[in-house]
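For reference, the structure is listed below as structure tokens.
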Amino acid sequence: MTTTRAALQNFFAAEAAYITEGANFDAMAICLAPDVVMYQAEHLPYGGAWHGPDGIEKFMAAMSRTWASLEFLEQRFVVEGDTVVIYNRGRMLARATGRTLETSVMQLMTFRDGLIAEIRPFYLDTAAVVEVLTEAHG
């Protein structure tokens, strides 16, 4: 990747395309270190630690089973060496309930040799995520 910012933009565009359009994982995989790890909040349907590009691909499959679409409404990147804080405000459509969630997620990412080595997302409201996924239209 040419720059950290370019790698992030490519990664998030590929993530949205994977979930929304069913794009293949290759565009995301090229942004990942071989030993990448992602830590998701345990009580989410896709919670836990996901290791390596294969683990991230399994995570993305779980996300795709959960969400029908992902749209980034706002993104801010704060880059400090190999560490990046990302503010993502987005809108997602739950497959099971048909409900939409607009929320924010902060992510702490670590890069190594221009590739994403670690991802730690922090959700504004995990209870709202779970509610949108489990509550029927009211």
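The values are calculated or read from the model by the stated rules, or taken from the named source; none is laboratory data. Predicted, not measured: the structure shown is a model, and the values here were computed from it. Neighbour counts run over all protein chains shown; Cβ positions are idealised from the backbone, glycine included. Quick note on the areas: whole protein, heavy atoms, side chains included, nothing else; ligands and nucleic acids left out. Shrake-Rupley method; radii C 1.70, N 1.55, O 1.52, S 1.80 Å.
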Looking at the stretch 40-48, can you tell me whether even one residue there is closer than 20 Å to residue 113 by Cβ and touching a Phe, Trp or Tyr at 6+ places or on another chain (Cβ under 7 Å)? no
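Please work out which residue is nearest to the chain's Cα centre (by Cα), limiting yourself to the stretch 2-49 and to residues that are part of a helix (DSSP H, G or I) and acidic (Asp, Glu).
Top of the filtered list is 15.
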For the stretch 97-114: of the residues being among the aliphatic types (A, V, I, L, M) and under 22 Å from residue 131 (Cα atoms), which is farthest from the chain's Cα centre (by Cα)? 101
Can you name the residue in the stretch 50-70 that is outside any helix (DSSP H, G or I) and in contact with a helix residue (DSSP H, G or I) (Cβ under 7 Å, 6 or more places away or on another chain) and, of all such residues, is farthest from residue 20 (Cα to Cα)? 50
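Among the residues of the stretch 78-98, which ones are open to solvent by less than 30 Å² (accessible area, probe 1.4 Å) and touching a helix residue (DSSP H, G or I) at 6+ places or on another chain (Cβ under 7 Å)?
Selection gives 84, 86, 94, 97.
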Being of a type outside the set (Val, Ile, Thr) and buried (at least 16 other Cβ atoms within 10 Å of the Cβ) is the requirement here; does residue 101 meet it? yes
